[in-house]
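J.: The structure that follows is given in the form of structure tokens.
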Amino acid sequence: MSKIVLVTGGSRGIGAAVCRLAAKQGYAIALNYHRDREAAEDVARSCRSEGTTCEIIQADVAAEADIELLFVECDRRLGRLTHLVNNAGITGRASPLAVAPAELIREVINLNVVGAILVARAAVQRMAKRNGGEGGAIVNISSVAAGLGSPGEYVWYAASKGAIDSFTTGLAKEVATESIRVNAVSPGMVDTDIHALSSGEPGRVARIAPHIPMKRAARAEEVAAAVLFLLSDEASYITGANLTVSGGR
């Protein structure tokens, strides 16, 4: 069976690392991005250098209409999806809840929760055996923030990832008989540009790293390795799991 993976938010950070590792493992890749076409092209070139197909598809996965078009394009360019990495997400600018704008909170929840659920729905529709699919695997990117709560920084983001944890558990049970496995990966502190671009605190990694038992942040590639394991046949009897990649945090 051909392995076709869609990675949402694949142009940077964990998503980009997942695309690059998936390319090394022989997946055909649908690389979704929202705004940064140049970054997406750079990741795609790296993937294609491994001899695989990598299609770049622009879509805002917080918008239902864009999600539908994303999957139509994936179908047209690559064929029926077999794997999904539900990675796109934002934190919003860090602050206590009392001063966080309502619109920012809605934006985070709409992308991180509603968008992720709608993306998974479209994937299940294609993977399900009852619809002519061959099954597949979904990995949702959660966060240890769901358990830590992120007080004083972004409790709404932590809440959004708590929702993803619940969603992963429920969907895994719902689609198990369709030969679809659904798991999550919960990174801790990862050294990516999300801290500067989304939370507005470029020094966050340096501030928190000393408090991590392993005394460092993760590399995006370390999280990607966990994702690719859960996508693989080596994880064939794993569903509904949440693999923490946090250095002991």
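What follows draws every value from the coordinates through simple rules; no lab data is involved. In this text the structure is predicted, and so the values were computed from the model without any measurement. Cβ coordinates were reconstructed from backbone atoms using ideal geometry, including for glycine residues, and neighbour counts include every protein chain displayed.
J.: In the chain, if every C-alpha pair distance is counted and binned at 10 Å from zero, what percent goes to each bin?
T.: For the chain, the binned pair fractions read 8, 33, 39, 17, 3, 0 percent.
J.: Quick check: the angle from helix 13-24's long axis to the longest principal axis of the chain, C-alpha only, nearest 10 degrees?
T.: 30 degrees
J.: Would you calculate the separation in nanometres between label points at Asp36 and Asn131, each defined as 7 Å from the Cα along the Cα-to-beta-carbon direction?
T.: Label at Asp36, label at Asn131, 3.1 nm between them.
J.: Pop out the ³J(HN,Hα) list for segment 227-243 in order, Karplus 6.51 cos²θ - 1.76 cosθ + 1.60 with θ = phi - 60°, rounded to Hz; leave Gly and Pro as x.
T.: 4, 5, 4, 5, 6, 7, 5, 5, 9, 4, 10, 10, 8, x, 8, 10, 8
J.: Further question on the same structure: Could you state the number of Å between the C-alpha centres of segment 98-165 and segment 32-72?
T.: Cα centres, segment 32-72 to segment 98-165: 19 Å.
J.: Ok, one more. Tilt of helix 37-48 relative to the longest C-alpha principal axis of the chain, in degrees (0 to 90, nearest 10)?
T.: 50 degrees
J.: Taking the chain as the reference, fit the longest principal axis to its C-alpha atoms, fit the long axis of helix 64-78 to the helix C-alpha atoms, and give the angle between the two in degrees, 0 to 90, nearest 10.
T.: Once rounded, one gets 50 degrees.
J.: Sticking with this structure for a sec: List the residues whose amide H sits under 5 Å from the amide H of Val245, counting only those 5 or more places along or on another chain, with H placed 1.01 Å from N in the peptide plane.
T.: Ser186, Gly188
J.: Students often check this: by mean Cβ neighbours within 10 Å, which of 45-53, 65-73, 117-125 ranks highest, and how do the rest follow? Mind showing how you got there, number by number?
T.: Values: 45-53: 14.8, 65-73: 16.4, 117-125: 19.0.
For the peptides 45-53, 65-73, 117-125, the packing ranking is 117-125, 65-73, 45-53.
J.: Quick one: pull the percentage of alpha-carbon pairs in segment 1-115 with a separation above 21 Å.
T.: On the way: 2420 of 6555 pairs.
Counting pairs separated by more than 21 Å, the tail of P(r) holds 37 percent.
J.: Can you list residues from other chains, or at least 5 along the same chain, whose modelled amide H is less than 5 Å from the amide H of Gly136?
T.: Here the answer is Ile180, Arg181, since their amide H atoms fall under 5 Å of that of Gly136.
J.: Students often forget the sequence filter, so: which lysines lie under 21 Å Cα-Cα from Lys129 once same-chain residues fewer than 8 apart are removed?
T.: Within the straight-line cut-off, Lys129 pairs with Lys3, Lys173.
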